[in-house]
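Nothing in this text is a laboratory measurement; each read-out follows from the coordinates by a stated rule. Since the structure is predicted, the reported quantities are computational estimates derived from the model, not experimental observations. Virtual Cβ from ideal backbone geometry, glycine too; neighbours counted across all protein chains shown.
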Amino acid sequence: MVIENSFPTPQSVNPRAASVTSLDGADEPHAVSINPRDGEWLDANRAQWDERVPLHLASDFYDQSALRAGDGRLTPIDEAELQGLFPGDDGRFRLDGKRVLHLQCHFGADTLTIAQRGASVIGLDFSPPAIRAARALAADVGLAERTRFLIANLYDARHALPEPDSFDVVFTTWGTIGWLPDVAEWARIIEWFLAPGGTLYFADGHPAAMVFDSTSSPSAPLPEFAYPYGDRNPLILDQADDYADGDAVLTHTRSWEWAHPTSEIVGALLEAGLQIDKLGEHFEVPWKMFDQLVPTGDGMFGWPDGTPWLPLALEVVASKPGGER
Ligand SMILES: C[S@@+](CC[C@H](N)C(=O)[O-])C[C@H]1O[C@@H](n2cnc3c(N)ncnc32)[C@H](O)[C@@H]1O
């Protein structure tokens, strides 16, 4: 399979990045070279994620009651796909005896939900408070024996966890690669960790939807174009709000984010040696991505009147050739 795109290279001029902020405070847009393992981008993003952890732990958005009652749930999109891949008798997916690596695990809610379905799970995240909270939550729900939580930048994962070819599933969902500068390396890392025959499950906001923003026009009937689809430069944002806590005013307001087109994501996984088993597009997403979205039940949000304007979520199932499933 050949995946092609003709997006401009990262050296191209990015008018939007300049209008959000410029790298050195000057008005000129900059082409940027990013070191995935170090730099201002990493420090800024980690500081912001560290600050979000206590807010999220206390939020309704990350309600832990079902998890604490022994019955955690992933989003309906994840649940349906994983049930198809790893069917359980009661209509819920089961991963008994499987080893799962959860990348960008935040405070471990999904990690522990996956452990409740029988897996041994390692969660990895670069935020120390997130990992401390995950370890405490694991102890609270009686899953400390079958879970392990590591603090590491995604790009240092192979050093933090030197276990190549050893996971049946790599799971990474909802709010992941937008924080990562280098998707090609992300894909190589996933391939490196998967056992032959192992499965990647990825779901996130759809790259096509990520071009919109509603904050400049909350009363408009639909969100408006704000970010070019093919932009390869970082989008450096300065925002004090938090998606999970409407009252939050963050002090670490600066973040570095990246738009990754669908062809870049799928192309990176293929280039890394994985086989694409499924590419799914959904008109729902598990957070209020735009002011104009409406609740559709089960914590999901969709377009007003159910009009399928553009997909809001992208799902990719990929596998590493070889082995047995
Ligand atoms: C939106 S959250 C993911 C939440 C996830 N859906 C969950 O609840 O399991 C994004 C996570 O990515 C982590 N993160 C962002 N950049 C990272 C990096 N370079 N390396 C490791 N973790 C990172 C953040 O600390 C945060 O916990």
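Listed values, structure above:
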read-out	value
Rg and Dmax of the stretch 129-173, Cα atoms only, in Å	11.9, 31
Exposure proxy order (Cβ contacts within 10 Å, fewest to most) of T147, T253	T253, T147
5 Å binning of all Cα-Cα separations within the stretch 145-249, expressed as whole percents from 0 upward	2, 9, 14, 20, 17, 12, 11, 8, 4, 2, 0
The stretch 194-266-the stretch 292-325 distance, computed between alpha-carbon centres (Å)	15 Å
Order of S166, S214 under a 10 Å beta carbon neighbour criterion, fewest first	S166, S214
Highest-MSF residue in the chain out of A209, A220, A313 [GNM, Cα springs under 10 Å]	A220
Residues V169, V141, sorted so that the one with the fewest Cβ neighbours within 10 Å comes first	V141, V169
Spin-label model distance (nm) - D140 vs A208, 7 Å beyond Cα toward Cβ	3.9 nm
Whole-Å semi-axes of the chain's equivalent ellipsoid (Cα gyration tensor)	29, 23, 21
